[in-house]
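The values are calculated or read from the model by the stated rules, or taken from the named source; none is laboratory data. Everything numeric in this text was worked out from a predicted model, so none of it was measured. When we count neighbours, we look across all protein chains shown, and the Cβ atoms used for this are built from the backbone with ideal geometry, even at glycine.
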Amino acid sequence: MSQRSKGDTLLRGYGTRGGVAVPHRKNTAEFETVKMPPPNKVILAMQQHIGAPCIPTVKVGDIVAVGQVIGDSDKFVSAPIHSPISGKVSAINSIMLPGGQTTQAVEIESDGLMTVSDSVKPPKITDKDSFIKAVRASGLVGLGGAGFPAFIKLNPPAGVTIDTLVVNGAECEPYITADYRECMENSWDIMSGIYDVKELLNIKNVIIAIEKNKPEAIKVLSDIANNSNDPKHEVNVMPLPCRYPQGAEKVLIKQTTGRVVPKGKLPSDVGVIVMNVTSISFLARYLKTGMPLINKRLTIDGSAIWSPKNVEVCIGTPISEVISFAGGYKEEPSKLMMGGPMMGLALKDDTLPILKQNNAILAFLENDAVLREPGACIRCGRCVSVCPMHLVPPEISKLVNARDAEGLEKAGAMVCMECGCCAYACPAGRRIVQAMRLAKSIIRNAPKKEVK
Amino acid sequence: MSKELIVSSSPHLQAHDTTRRIMLDVVIALIPAFIAATVIFGWIVPIITAATIAACVLSEYISRKILKRDNTIGDLSAVVTGMLLSFNLPATLDAIWMGVLGGAIAIIVVKQLFGGIGQNFVNPALIARIILMVSFPTKMTTWPAPLAWIKDGGIDATTTATPLAIMSEGSGEGLPSIGNMLLGLRGGCLGETCAIALIIGGIYLIARKVISPIIPVCFIGTAAIFMMILDFAGIDGSSISFLPAQLLSGGLLLGAIFMATDYTTSPINFTGKIIFAIGCGLITVIIRFFASLPEGVSYSIIIMNLLVPHIERLTRPRPFGDLKEKKVKGGAKA
């Protein structure tokens, strides 16, 4: 490959613009994952993915087993939800998700037996179609945080050729080490998942991308990649610069392949599929065992956490229980977040259940939780130089104040991925991401232009 | 949970830089030039600077009060304006009241009436300087000789011509040596003379990432290249032997490092900054050689300030993935 100099086992990136040097705070990197025993009760939200919510397939009083489907949808963009425990459906309520949407939630009380459902058996894979069907049945969604149903990603429309699979192990958010632990603890699963996808989708190149602050993971995976049965060097590891947001899909594709995903297009339009390391490793295990996505590794950290660590928990476990299992709060936190501090969502309490795409729960003491009061923009230009999407936030803020949908569209506000670099870098502490969200909703709600 | 949790929009982290810290860095960067000015022109310098800063801060405080806006003197931007304005004054007794008057104009008229920090479209200190220049032309161009306060025992005792005035006469007789000009031993505004101190301040700002070197380098570089071209074309008064002296005289360094890099009045993106700085350099040289004024730095920056919105519109970066033509690389063969 051209990106690889002779004798060098690692790939070099193409470079990207913008980004910020966030503090790493990977306090939990060297702690082996602790497995939390199944809780007495789980709450399974019917919306744990991008797309149509699931409809419960069980009623109150039903007896369910581990791995049994309890929610599914007949809409295309969706992924089924499975029970992580065996027991009885005790309630079906509506809950509010961290993003503010309301959705149904199935509550299951454990019988303590953990009886595995008969439906859990290794899927028979004969061709691409049966593979895609199996991926859907596994309930897999993008585990990096976005939660996009994996079977759609792996099944690009006819006529589109995918030549590169990028395995995303960047984990560029501060604190989070869940993917790093996956690389260290389940490196062979990652590799076997890569070969499964590579063979079934007939993909030539695989690039495993990991930020340079995880040298151990880079070493482990490149050792396996170079020693395995890969004479043509089709699977390679690329160390990424420690610059948030290297793991953002479009930034990662630019860095690993030099390709630019056009506005409003998907990675498959430039011949690339990006999958999170934990997603691909789960896929390998699923193909072997048939156990759907019912557990998740989470990083529990932040200044209010007594002893930060990585825990593997049943999806649907209430956050408060996960935190008590991890050692509890040092002091009552002032802010609780689902996900990393750059893109994570602040929660209003800790009763919410863990979702499929969660990779961290952070709790901050008041000191870290309170942001500076926003001041006037001094036009320093930091937001402009750090924006990985090449936007000009001060201009967009002005257009937001003027409610100018057309101007916002032209300024490219829709391209914003809300990575938060602008607001992080802003010396005036302005809530730029909030303005960006407002900008997008102004564009979406604008009356459609008449066709002349 | 007994306590209400804070629910705010991401990101939940902020970098350490604040507006106040940035302004403090500019003040720190101006201190070497301030010390040099005190040594060169005497005890009058701290008095002028203190009076100008006080006028700026007080004007900001009072105008915010009257306009019923929140108090912003804590961001230290008025201190920066005061310091810069005082650097643009001659080291004379008259400069004390001129500084106070100029400070009030800079803050009240140029800054606060347009909405305060970040909203003024021209550099407040430069507008104040130009107004003072037009109102009190003689008092603003009475230059005490360097170190005269030690030698002759008084402020205003002896006056001198600025190197720019000497050069525009053509002979170059009486021009201070380059060494003296680097040290600031020449006639001129109190804060503009010591090139070494200004460069140290500039390096500090670049190291602290408060400014990028692009504006000072392009500004001074353009001026130098343009002057060489003029010399080549045989334009009067542009002898190449004057080039180092030209670059070290007038307010070129002070303007290029501290005034043209003002965030509010310079373009926000990289390409825009380059165009802005080149424009400043060209206009400075044009004024120096072809206008009746000896110095053109302040006018060049003000003119370019006015063009900033247009420069920004022309140089706006294309959003990522907003490709001009359909140029889909890679495996997509639809």
Any residue that is part of a loop (DSSP other than H, G, I, E, B) and at pLDDT below 95 - is there at least one of those in segment A:132-142?
yes
Pick from segment B:16-33 the residues that are touching a Lys or Arg at 6+ places or on another chain (Cβ under 8 Å) and part of a loop (DSSP other than H, G, I, E, B): which of them is modelled with the lowest pLDDT?
B:Asp17
Looking at A:Ser397, A:Ser334, A:Ser303, A:Ser307 in this structure, which one is within 30 Å of B:Phe114 (Cβ to Cβ) and over 22 Å from the mean Cα position of the chain (by Cα)?
A:Ser397
Quick one: in segment A:412-424, which of the residues that are surrounded by fewer than 23 Cβ atoms within 10 Å (Cβ to Cβ) and not in a loop (DSSP other than H, G, I, E, B) is nearest to the other protein chains (Cβ to nearest Cβ)?
A:Val415
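Do we have A:Val220 as free of Cβ contacts under 8 Å to residues at least 40 places away in the same chain, within 20 Å of A:Met191 (Cα to Cα) and either within 14 Å of another protein chain (Cβ to nearest Cβ) or not in a strand (DSSP E or B) (or both) here? Give the steps one after another, and end with the answer.
On the way: free of Cβ contacts under 8 Å to residues at least 40 places away in the same chain: yes; within 20 Å of A:Met191 (Cα to Cα): yes; either within 14 Å of another protein chain (Cβ to nearest Cβ) or not in a strand (DSSP E or B) (or both): yes.
In short, yes.
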Just one of the numbered conditions (1) in a loop (DSSP other than H, G, I, E, B); (2) under 30 Å from A:Lys309 (Cα atoms); (3) facing chain B (nearest Cβ under 8 Å) is not true of A:Lys356; which one?
(3)
The one condition in (1) away from chain B (no Cβ under 14 Å); (2) within 14 Å of the chain's Cα centre (by Cα) that A:Val274 fails to fulfil
(1)
With respect to B:Gly250, is the statement that it is in contact with a helix residue (DSSP H, G or I) (Cβ under 7 Å, 6 or more places away or on another chain), more than 14 Å from every other protein chain (Cβ to nearest Cβ) and among the small types (Gly, Ala, Ser) true?
yes
What number of residues within segment B:253-276 satisfy the criterion of being within 14 Å of another protein chain (Cβ to nearest Cβ), surrounded by 20 or more Cβ atoms within 10 Å (Cβ to Cβ) and touching a residue at least 60 places away in the same chain (Cβ under 8 Å)?
6
Can B:Gly221 be described as touching a residue at least 24 places away in the same chain (Cβ under 8 Å), surrounded by 18 or more Cβ atoms within 10 Å (Cβ to Cβ) and under 18 Å from the mean Cα position of the chain (by Cα)?
no
Looking for something surrounded by fewer than 24 Cβ atoms within 10 Å (Cβ to Cβ), in contact with an Asp or Glu (Cβ under 8 Å, 6 or more places away or on another chain) and over 25 Å from A:Ile194 (Cα atoms) - is there at least one such residue anywhere in segment A:290-304?
yes
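Just give me the residues in segment A:209-220 being over 18 Å from A:Ile176 (Cβ atoms) and either within 22 Å of the chain's Cα centre (by Cα) or not aliphatic (A, V, I, L, M) (or both), in sequence order. Give the derivation first.
Residues of segment A:209-220 over 18 Å from A:Ile176 (Cβ atoms): A:219-220.
Residue satisfying the conditions is A:Lys219 alone.
Could you run through segment A:319-344 and say how many residues are crowded, with 19+ Cβ neighbours inside 10 Å, within 14 Å of another protein chain (Cβ to nearest Cβ) and of a type outside the set (Asp, Glu)? Let's see the steps before the verdict.
The initial filter retains those residues of segment A:319-344 that are crowded, with 19+ Cβ neighbours inside 10 Å, namely A:319, A:321-323, A:326, A:329, A:333-344.
Checking which are within 14 Å of another protein chain (Cβ to nearest Cβ) leaves us with A:319, A:321, A:323, A:329, A:333-344.
Next, only the ones that are of a type outside the set (Asp, Glu) stay: A:319, A:323, A:329, A:333-344.
Here the count works out to 15.
Within segment B:4-12, does at least one residue satisfy the condition of being part of a helix (DSSP H, G or I) and surrounded by 22 or more Cβ atoms within 10 Å (Cβ to Cβ)? Talk me through it step by step, then tell me what you get.
Going through segment B:4-12, the residues part of a helix (DSSP H, G or I) turn out to be none.
Within segment B:4-12 (the criterion being part of a helix (DSSP H, G or I) and surrounded by 22 or more Cβ atoms within 10 Å (Cβ to Cβ)), the answer is no, since none of the residues qualifies.
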Looking at B:Ala54, B:Ala15, can you tell me which residue is aliphatic (A, V, I, L, M), surrounded by fewer than 21 Cβ atoms within 10 Å (Cβ to Cβ) and closer than 24 Å to A:Cys383 by Cβ?
B:Ala15
Report the residue count in segment A:360-402 for those that are more than 7 Å from every other protein chain (Cβ to nearest Cβ), part of a loop (DSSP other than H, G, I, E, B) and small (Gly, Ala, Ser).
1
Return the total of residues in segment A:289-332 being outside any strand (DSSP E or B) and either of a type outside the set (D, E, K, R) or modelled with pLDDT of 95 or more (or both).
25
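Just give me the residues in segment B:64-79 being in contact (Cβ under 8 Å) with a residue 40 or more places away in the chain and within 11 Å of another protein chain (Cβ to nearest Cβ), in sequence order. First the steps, then the outcome.
Step one: list which residues in segment B:64-79 are in contact (Cβ under 8 Å) with a residue 40 or more places away in the chain, which gives B:64, B:67, B:69, B:72, B:74-77, B:79.
Those that are in contact (Cβ under 8 Å) with a residue 40 or more places away in the chain and within 11 Å of another protein chain (Cβ to nearest Cβ): B:Arg69, B:Thr72, B:Gly74, B:Asp75, B:Ser77.
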Among the residues that make up segment A:248-269, is at least one of them in contact (Cβ under 8 Å) with a residue 12 or more places away in the chain, more than 14 Å from chain B (Cβ to nearest Cβ) and under 19 Å from the mean Cα position of the chain (by Cα)?
no
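Select, from A:Val167, A:Val135, the only residue that is in contact with a Phe, Trp or Tyr (Cβ under 6 Å, 6 or more places away or on another chain), of a type outside the set (Ser, Thr, Tyr) and more than 14 Å from chain B (Cβ to nearest Cβ). Show your work before the answer.
Numbers: A:Val167 fails: in contact with a Phe, Trp or Tyr (Cβ under 6 Å, 6 or more places away or on another chain).
Just one listed residue meets the conditions, A:Val135.
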Return yes when B:Gly251 is under 22 Å from B:Gly187 (Cα atoms) and either touching an Asp or Glu at 6+ places or on another chain (Cβ under 8 Å) or of a type in the set (Phe, Trp, Tyr) (or both) and no when it is not.
yes
Every residue in segment B:1-29 that is more than 7 Å from chain A (Cβ to nearest Cβ) and hydrophobic (A, V, I, L, M, F, W, C), please.
B:Met23, B:Leu24, B:Val26, B:Val27, B:Ile28, B:Ala29
Looking at (1) in a loop (DSSP other than H, G, I, E, B); (2) surrounded by 15 or more Cβ atoms within 10 Å (Cβ to Cβ); (3) more than 25 Å from the chain's Cα centre (by Cα); (4) not β-branched (Val, Ile, Thr), which is the one condition that is false for A:Lys88?
(1)
Only one of (1) more than 14 Å from every other protein chain (Cβ to nearest Cβ); (2) surrounded by 24 or more Cβ atoms within 10 Å (Cβ to Cβ); (3) more than 29 Å from B:Pro46 (Cα to Cα); (4) not charged (D, E, K, R) fails for B:Val297. Which number is that?
(3)
Using beta carbons and a limit of 7 Å, which pairs, at least six apart or on different chains, have the first residue in segment A:149-165 and without any contact (Cβ under 8 Å) to a residue 24 or more places away in the chain and the second one assigned to a loop (DSSP other than H, G, I, E, B)?
A:Gly159/B:Ala334
